[in-house]
Amino acid sequence: MKSLVWVLFILFLLAFQGSVLNPFVIHEIRPDLILITVYLLGILKGDIKGGLIGASLGFIMDILSAGPVYYNVFSKCFIGSLAGVIGRWIQNPGPVLHAGMIFAASLLQGVGALLILVFLGMARLPHDLFYIAIPQAIFDGALGGIVYLFLTIRGKRTVSRWAV
Amino acid sequence: MFRFVVINKKVLVVFLLLIGIFVLLSPEIKENPRYYLFEKPFASTVNLIHSGFFLIFRGVSTTWNNYIDLVDVKEENQRLFEENKRLLAESLSLREKALAYDRLSQLLKVKDAIHTEFTVATIVAKEPTNWYSAVVINRGEEDGIRPNMGVITAEGIVGKITKTARHHSRVLLFSDRNSAVAGVIQRTRDEGIVTGGEGKVLRLNYILIDSNIQNGDLVLTSGTDSVFPPGIVIGRISRVESPQNALFHSIELVPEVSLSKIREVMVLNIPQPPEIEMLLKEDVR
């Protein structure tokens with residue numbers, strides 16, 4: 001039952017990311033809700049599960065995307081694993097630190113996407129960096145920090161399986 | 001061997017996952033105009049949810065238009081206000097219908113102008129990432145939609161079909177970095193290729209430096225790409241640079257269609273030349 005709820009939640013989230021209902025848009029830049037979810041699940045579930053969840057979500061996101069390669073399966077897998085490592089090693093992290101980590105992860109993902117586009121001869125530099133990658137990373141970081149803050153206020157504890 | 005697999009289960013899972021990911025990084029996999037068997041269940045499920053979201057969106061906006069602005073009713077004017085509310089709701093509903101009628105009549109006018117069979121579709125979802133410009137429409141293979149069909153509105157071109165499933169299709173918008181449309185400048189008849197530029201701005205390429213083009217010139221489809229019929233509006237030239245010793249102008253244009261606001265589109269069914277049909281069939285195989 002719990003697994004079914006998780007699957008439904010994930011499908012709902014994936015659909016919401018590309019939905020006409022999604023209200024999180026500033027100047028046509030949307031935050032990557034999947035990245036934020038993968039990061040938070042990685043923190044909670046550890047590096048292996050985080051990586052697997054990230055790969056699954058990234059895979060479905062790639063199916064829905066018009067991108068030329070399956071890139072999100074790779075980037076989300078990495079971010080999920082990275083979040084698992086962070087959750088293990090950083091004790092009692094606050095929302096600001098998490099916002100910064102999500103910003104860094106999103107920027108890293110953006111730079112990776114940009115490198116693929118450069119490799120395929122489709123990059124529009126420096127526009128892509130300054131008008132897509134960096135604004136999205138800021139948006140992701142801010143929203144991720146707020147979501148984390150909300151989760152910790154609701155749970156009255158730090159969201160980390162290793163924190164005391 | 002079995003013991004090794006049991007002990008190193010996590011290592012094995014990660015190893016298999018990495019192999020899978022590197023296989024998926026090949027661009028050939030994503031270039032297929034139809035969904036692969038492993039993609040279909042995910043794409044169909046999520047697009048079904050997209051359609052649900054769209055219905056909720058439409059329902060909520062209709063409810064909002066009809067009722068939300070009428071909830072603050074004073075008790076002493078209840079009866080009159082109720083009557084007023086009913087009439088206003090009817091008026092709003094009629095206005096919505098009139099707007100829909102206007103949009104559809106515009107589409108019909110375009111039909112008369114282009115002499116091409118078309119299917120009307122509604123946009124139900126957008127590209128989930130910020131790197132590409134694409135939308136999902138609620139018409140698919142069962143409605144006769146095939147890859148490489150052109151998509152337009154009454155104002156101008158929107159994009160072309162890149163991937164189809166049974167009940168939905170993906171439209172690559174013409175503002176996307178992968179997009180290219182054959183265009184012609186209306187005033188000078190110079191032909192070039194319009195590609196996605198930076199942000200909302202498009203680029204018109206391969207216009208020779210001796211062409212006398214100006215800001216504000218209208219760019220239309222030339223019809224040579226077999227995707228769009230000739231004469232459909234693409235955009236207006238907003239900036240022209242003519243670098244010294246260059247062979248071509250550097251031209252930017254602003255699209256006539258506001259891609260973030262469109263709801264209904266027309267998918268054009270232009271018969272493809274036999275060579276292109278053959279290439280498409282090979283792609284599907």
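The values are calculated or read from the model by the stated rules, or taken from the named source; none is laboratory data. Keep in mind that this is a model prediction, so the values were computed, not measured. Note: ideal-geometry Cβ built from the backbone for every residue, glycine included; neighbour counts use all protein chains shown. Areas reflect the complete protein model, heavy atoms only, side chains present, ligands, DNA and RNA absent. Shrake-Rupley method; radii C 1.70, N 1.55, O 1.52, S 1.80 Å.
May I ask you to verify whether residue A:73 is among the aliphatic types (A, V, I, L, M), open to solvent by less than 20 Å² (accessible area, probe 1.4 Å), touching a Lys or Arg at 6+ places or on another chain (Cβ under 9 Å) and facing another protein chain (nearest Cβ under 8 Å)?
Here the answer is no, as residue A:73 does not meet what is asked.
Do we have residue B:54 as more than 15 Å from residue A:15 (Cα to Cα) and either more than 7 Å from every other protein chain (Cβ to nearest Cβ) or in contact (Cβ under 8 Å) with a residue 12 or more places away in the chain (or both) here?
no
Give all pairs with beta carbons closer than 6 Å in which a residue from segment A:1-23 that is farther than 20 Å from residue B:134 by Cβ and within 7 Å of chain B (Cβ to nearest Cβ) meets a residue that is at pLDDT 75 or above and buried (at least 16 other Cβ atoms within 10 Å of the Cβ); count only pairs at least 6 apart in sequence or on separate chains.
Every condition considered, no pair remains.
Go through (1) modelled with pLDDT under 90; (2) surrounded by fewer than 21 Cβ atoms within 10 Å (Cβ to Cβ); (3) away from every other protein chain (no Cβ under 12 Å) one by one and return the number of the condition residue A:122 breaks.
If we test residue A:122 against (1) modelled with pLDDT under 90; (2) surrounded by fewer than 21 Cβ atoms within 10 Å (Cβ to Cβ); (3) away from every other protein chain (no Cβ under 12 Å), just (3) comes out false.
Which of the residues belonging to segment B:223-257 are under 13 Å from residue B:194 (Cα atoms), under 24 Å from the mean Cα position of the chain (by Cα) and open to solvent by 20 Å² or more (accessible area, probe 1.4 Å)?
B:223, B:224, B:225, B:233, B:236, B:252, B:254, B:255
Among the residues of segment B:199-220, which ones are within 28 Å of residue A:126 (Cβ to Cβ) and open to solvent by 90 Å² or more (accessible area, probe 1.4 Å)?
Correct list: B:200, B:206, B:215.
Take segment B:153-184 and flag every residue that is closer than 26 Å to residue B:44 by Cβ and either free of Cβ contacts under 8 Å to residues at least 12 places away in the same chain or part of a strand (DSSP E or B) (or both).
B:158, B:159, B:160, B:161, B:162, B:163, B:164, B:169, B:170, B:171, B:172, B:173
Restricting to segment A:36-68, give me the number of residues that are surrounded by fewer than 24 Cβ atoms within 10 Å (Cβ to Cβ), more than 7 Å from chain B (Cβ to nearest Cβ) and either of a type in the set (Phe, Trp, Tyr) or more than 16 Å from the chain's Cα centre (by Cα) (or both).
Residues flagged as surrounded by fewer than 24 Cβ atoms within 10 Å (Cβ to Cβ), more than 7 Å from chain B (Cβ to nearest Cβ) and either of a type in the set (Phe, Trp, Tyr) or more than 16 Å from the chain's Cα centre (by Cα) (or both) within segment A:36-68 amount to 1.
Does segment B:118-132 contain at least one residue that is assigned to a strand (DSSP E or B), over 12 Å from the mean Cα position of the chain (by Cα) and surrounded by fewer than 19 Cβ atoms within 10 Å (Cβ to Cβ)?
Among the residues of segment B:118-132, at least one is assigned to a strand (DSSP E or B), over 12 Å from the mean Cα position of the chain (by Cα) and surrounded by fewer than 19 Cβ atoms within 10 Å (Cβ to Cβ), which makes the answer yes.
Let's see how each residue does on (1) touching a residue at least 24 places away in the same chain (Cβ under 8 Å); (2) open to solvent by less than 60 Å² (accessible area, probe 1.4 Å); (3) more than 21 Å from residue B:123 (Cα to Cα); (4) at the interface with chain A (Cβ under 7 Å from one of its Cβ atoms):
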site	(1), (2), (3), (4)
B:11	no, no, yes, no
B:17	no, yes, yes, yes
B:29	no, yes, yes, yes
B:35	yes, yes, no, no
B:43	yes, yes, no, yes
B:62	yes, no, no, no
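Going through segment A:18-35 one residue at a time, which ones are in a helix (DSSP H, G or I) and open to solvent by less than 10 Å² (accessible area, probe 1.4 Å)?
A:34, A:35
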